[in-house]
Structures are given as C-alpha cells and as structure tokens.
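Okay, so here's the structure we're looking at.
Please treat every number below as a calculation from the coordinates, not as lab data. Just so it is clear, the structure is predicted and the values come from calculations on it, not from any experiment. A quick note on method: Cβ atoms are made from the backbone with ideal geometry, for glycine too, and the neighbour counts reach across all protein chains shown.
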Amino acid sequence: MPQPEIPDSRLSVVDTQNISKSYRMGEVVVSALEGVNLRLRQGEFATVMGASGSGKSTLLSIIGCLDRPDSGSYLLMGKRVDGMNDGELARVRNRNIGFIFQTFNLLPRATSVQNVELPLMYGGVAGKERRQRALAILERVGLSSRAHHRPSQLSGGERQRVAIARALVTEPSLLLADEPTGNLDSVTGRSIMDLIQQVHNEGNTILLVTHDPLVSAMGSRMIRLRDGQVQEDTGS
Amino acid sequence: MRQGETMRAALGSLRSNPVRSLLTAFGVTVGVTAVVVLVGVVSGIGGFVQLQFESMLSARAFNISRHNPGFHDAESMAKSRSWPPLTASEAEALEEYMTTARAVSWSGNATGTVVRRGLSAGNVRIQGLSSSTEEVSGSDLSVGRFISLAEDEACSRVCILGSGVAEALELTDTSLGVSVFVEGHRFTVIGINDAAGSVMGRSMDDNISIPFNTFRNLFARPDMDVRITVLPIEGIDMETCQEEAVQVLRQLRGLTAEDEDNFYIVTQEGALSSINELLSGVASVTIGIAAISLLVGGIGIMNITLVSVAERTTEIGTRRALGATRGNVVVQFLSEAVMVSTLGGLIGLLLGVVLVYGVSRLTPLPAAVSGWSIAAALGFSGVVGLLFGVFPAWKASQLVPMEALRHE
C-alpha cells in the first residue's frame, strides 16, 4: 500500500534509494539486498529485525560505509557516499559513524582509554586532547575507574560500555549497533540497552540490528527485512 | 593520523609476542652476525697481512723471486716452477753491475734444531743472510752486531739468535760469545734480535741468522732458490731501478729479445695489491653468505607477518571500521616487519661485536668492527623488513572491511 509522503523538517541522516547488493559465492550469485529504500531522520532510534540471511548485515555494512551497493544511491547527512573511494569512505566512517559490535571488538592489548582513543587517533586528534576526550566519554558510560584496564580484566558488560564510549567519542551522526546484547546475559544486556536508550535520549540517531523482540521494542521504529527487501517498517 | 602512533602500536604487538618476535628475528640476526664478524675478521686479516708485508719488505726496496704472491692459475704456476732458481752469484752480479742499486742482499733458508748444554730449540728457521742484508732491510738487534762481510766470505760460524731461540736456550743479553750447536755444527753467538711477536700463532722469533756462505756450505740444497732484495740509490725511482735489474738479470741469463722474463719483480705495493685482490674475493663470498642469510631471514619475517595479518583479520576490520585507511594498515604491518627485522639486526650486531672482540683478544688478528659494517648491518636488516613486509602489509590493506569484520 503506497503511503503518502509525510513532510518532516528533520534532516535525513540516512537516505537510501533503491539499493541492491549481491554476492558471488563460488558459482552462485546470492542477492542480499533488493531495492531497499530507507530514510532515517535525525534523533531516530530504529531497529532492524529479520531472520538470518534476510540481508540485515549487508544493509548495516552498506549504511556503515563498510561496503558499497551494486546499484542505487546512498546519501549520508545529505552527501552521496555510494560512489566514494576507499580513502573517502574511511574518513566518513571515522567522522560520521560509530560502530557497536556484538563481540565488542576491542583491541586486546590496549587499555580502555587507548581503545576509546583509537578513532580520534585515526581522525588526527592530538595526543593530549585525545586523552581528555576519551576519559570524559568513559566517565559518561560510568567506566572512569576502568580506564586503564585491559579488555581481559573487564566483564562483558564493561567491555561493551568501552565499545559504546569508543563509538561515541567522535560525536558521530549515526550509531550502528549489531546485536549489541547478543553476547551478554539478560541482566547485563538490559543495562547496556538502558545505556543505548540514554544515548538516544541525548539526541543520537541509532540503527540497531537484533534478533530479540524485547530489544527491538525499545526502539522508536522497527524495520523488518525479508529476503533482502523491507517487509515491514513501522516508521516510514 | 600520525604514523608514529601506528609504529607505537606495532611495537606493542611485538612486545605481546616476545618469543615469536625473537625467533622470527633470528634469521636476520644470523645474517647480520655473519656480516659483522666476517667483515671484522677479513679487514683484520687485511691489516695484519699488510703489516707483515711492510715488515718483510720496505716500501723502498723490491724483491726478485721465482714466486709472485697472490692468485695464480695452474698454468702460470707450472711455468714459474720450470724457471731456473735464483742464485747467490746472480745476486752478486746484480750488486756488481747495477748502477742504480745502493745495495743488493740475498738469503736462503732451511729448518733445523739448535742445541746448547742439553737445552734445545726445535723447528728453528735457519736463515743464511748476505752481509749486505743489514743495509738493505735493516736489523732489529737487541744486543750484539750484524754479520760482517769478512765473516761471510770466510764462512765463519757466527750466528744471531731470534729472541725465541735465545729464550729456549736460556741465553740473555750477556751471553754474547757463547757457543750453540746448529744441526750439530758449532756456532758463536754474536747477537740477539728483539722479539717480533707471532703471526697466526706461529712465532716470528724462532729463527737463527748465519752468514750466507756458511749457510750454503752446511745447509743448502743444490737447487736452492735465494731471495734477492734490491735497494735503489737514494733519489733513483723504483721503476728505473727495477728496469735495470731486469735488464742485468736477462743478460746474465742470456735471454734473447723474444724470451719472456723468467723471474718476477716483487714490490710491496704489488704484493699488497695481490693480497687485496684475494681479500676482496673473500669479501664477495662474505656478501654472498650475508645475502643468503638475509634472504632466509626475510622469508621468515614475511611468513610471520602473514600469520600476524591472518590472526588479526578482525582487528584489521575493526580498525578500518573506526576510520583506518589502507595506508594506516600498510604502515602498521610494515613497521612491525621492519621492527622485527631491525631488532634481529641489533641482536646480530651485538653478537657480532662480542665475537669480533673475542677474535681480537684470542688471536693475533687485529679484528675490529668498522662503523660502516654497523651501518650496513642495520641498514640492510631494515631494508629486509621493508622488502619482505610489503607483501603481507599490502595484503592486509586490501581486505574488505566488512569481510575482515566477519572473519572468525
């Protein structure tokens, strides 16, 4: 059923037009996304659900500028990014996107504060300012006392907090979370979701991929993918 | 991003795997140790041989000999063996006829035992010297005097002892005039030489000098080849004097214009250049060994860097997601490879310096570590890391970020 265009004064953070992506797996070409249109406005907290193989990860990687669509256009903060080269994409990821992974993906040999500093380092922020900003953000996620611990000395929940601090430290336009509670027990998972909720309340735009309907329910909008297409979108 | 911080990150990753880093660096260590030691020892030998030549033959004088020091092919060696030996009468004739020579000396040598009152010195070099030897080559007497012309002409049984022989026979500076027995012949000691030290563990002081004619009568073989040394007159240049020596000797030997010389003129300069030729041959072998071990070391480094890239695929994906460019990834792994390699180089240098020091303490070779061999060792080990790190680092940078992240 075609829906009428609702005028919205808020800026589109993400705006994809008809993006498709397929992968070659040996001899077979697998279509992962087929003509996905997705607009995400500033301050939205959208969740993406769908069975495995529905195209969630592919969508996340294209929106996260980790991969390019085969066709269609993608505007991030009003700027076309689908035709950018590798170096430009690295810059966009660094400046505009914060990633939160299911497995935290902290560098095992670096302390919490060093992990949080990493995106600032790639962004060319000088050492002293970098350290200050990293410590400030660690305080915001409640981990000041763990700033100089290594990941192996932290609990799962603490690790994910460090990862969230790392995602936030560059003040990105968009936070992308891939099953952020997938590796955590339910109590810890809930506290992480509370933190993400708090981050959203501070005005951040979030796109979160999950299997868990309870997690999905915390978002303001739910997008369901099936066979590479948007099956349901509660917010468009 | 500042590359210094990438390098610091690389250093951190080396520290987290110290045993692996050291083992990887070992190949380069061996190569660099080999270079430092071989260069140190070879240049030590070079300096040593030069010193020996300078002491054997002054820069002013030249030798006439059937042998030419240095490399020779079998053909030229066979040819020089067919030449007639040089004789004392040829030397005397040179002394008589040459107008550009200040003095000509000649000598022959044999080996024997010297005995005195139940004490004996074996394996002594017995050298018969013409009385002109002192003028041509100088002497290094600590006490006494050199052999006189009269003693040589009279075949006197007088001798000058090398300090080693004197010591073995318990003779001192006050022992002039005592008798010793050389292969059973009684000789009177007229001088004792200063200690000259040892060469390659062989003493230069185990010798005894006697008048040439005495030597010829008692110890020489009929086909003895004497060594002739010519000292040019002050102000006459070497070449002029050499040319005259060649002409006189050719006439004496009745050589026609078509015949080649059947003797060599040996100068210190010529001898040194032959030795240097030999040493540069040794040096190129050294370079070959070093190149092979550095190649092996480099392959080890490439291998371990590839392993490191494979192990850290997820980390590469994470770094790329956080904004690392391909260049950042290349620098990270390349600096890791260069650091391992340079670490290997540093350890190798250290080992090499210790070994060279050991050689110079335990052998008479003045082996030393030269500044350029240090620079070359470190430079080459860095270059090895760079060359063999490029491929793994490039491979790491080409990973698609998404695929790297999904890597298990």
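Taking label points 7 Å from Cα along the Cα-to-Cβ direction, A:Asp70 and B:Gln398 give a separation of 2.3 nm.
Extent of the protein assembly as shown along its three principal axes (Cα atoms, max minus min coordinate, largest first): 135, 57, 43 Å. For A:Gln198 and B:Ile289, what does the FRET efficiency come to when R0 = 60 Å and r is the distance between their Cβ atoms, rounded to the nearest 0.05? Efficiency for this residue pair is about 0.35. Computed from label points 7 Å out along Cα-Cβ, the spacing between B:Asp237 and B:Cys155 is 4.5 nm. The convex hull defined by the C-alpha atoms of the range A:1-137 has an orientation-averaged projected area of 11.6 nm². Based on the Kirkwood approach, the hydrodynamic radius assigned to the range A:61-197 is 15.5 Å, with every pair of different Cα atoms included.
The phi torsions of the range B:175-182, fed into the Karplus equation with coefficients 6.51, -1.76 and 1.60 and a -60° offset, translate into couplings of 9, 4, x, 6, 9, 10, 10, 9 Hz, rounded to whole numbers, with Gly and Pro shown as x. As a calculated quantity, the FRET efficiency between B:Val354 and B:Val390 at R0 = 35 Å, using C-beta atoms, amounts to about 0.60. Of the Cα atoms belonging to the range B:102-235, the radius of gyration and Dmax stand at 14.2, 51 Å. Both radii were evaluated on the Cα set of the range B:272-405; the Rg over Rh quotient, with Rh as the Kirkwood radius, amounts to 1.17.
Using the Cβ of A:Arg68 as centre and a radius below 12 Å, the other residues enclosed give a net charge of -3, where K and R count +1 and D and E count -1.
For chain B, the alpha carbon convex hull comes to 207 Å³ per residue, rounded to a whole number.
Within chain A, the longest run free of exposed loop sites, counting GluC sites (Glu not before Pro) that sit outside DSSP helix and strand states (H, G, I, E, B) and have at most 14 other Cβ atoms within 10 Å, spans A:28-201. For the range A:118-236, dividing the convex hull volume of the Cα atoms by the residue count gives 131 Å³ per residue.
Loop-located GluC sites (Glu not before Pro) across the range B:212-320 with a Cβ neighbour count of 12 or fewer within 10 Å are B:Glu234, B:Glu258, B:Glu260, with loop assigned by DSSP. In summary, the lysines within cross-link reach of A:Lys21, defined as a Cα separation below 24 angstrom excluding same-chain residues under 8 places away, comprise A:Lys56, A:Lys79. For B:Val383 and B:Arg8, the FRET efficiency from 1/(1 + (r/R0)^6), where r spans their Cβ atoms and R0 equals 25 Å, is about 0.70.
Extension gain, B:Thr172 to B:Glu269, is 31.2 nm, computed as 0.36 nm per intervening residue step minus the present C-alpha separation.
For chain B, the relative contact order works out to 30 percent when only alpha carbon pairs closer than 8 Å and six or more residues apart are counted. Volume per residue of the convex hull around the Cα atoms, evaluated for the range B:225-268, comes out as 92 Å³.
If all Cα-Cα distances of the range A:14-66 are sorted into 10 Å bins from 0 onward, what percent lands in each bin, rounded to whole numbers? Result returned by the calculation: 21, 55, 20, 4, 0. As a ratio to 2.2 N^0.38 Å, the alpha-carbon radius of gyration computed for the range B:134-197 takes the value 1.09.
For B:Lys79, the aspartates and glutamates whose Cα falls under 19 Å of its own Cα, not counting residues fewer than eight places away in the same chain, are B:Asp223, B:Asp225, B:Glu258, B:Asp259, B:Glu260, B:Asp261. Its Cα gyration tensor gives chain A an equivalent ellipsoid. The semi-axes, each the square root of 5 times an eigenvalue, are 30, 20, 18 Å from largest down. State the Cα centre-to-centre distance between the range B:181-197 and the range B:114-150 in whole Å. Cα centroid of the range B:181-197 versus Cα centroid of the range B:114-150: 6 Å apart.
Length gained on full extension, B:Ala74 to B:Arg361: 99.6 nm, using 0.36 nm per residue less the C-alpha separation. Between B:Asp194 and B:Ser148, the contour length at 0.36 nm per residue exceeds the Cα-Cα span by 14.6 nm.
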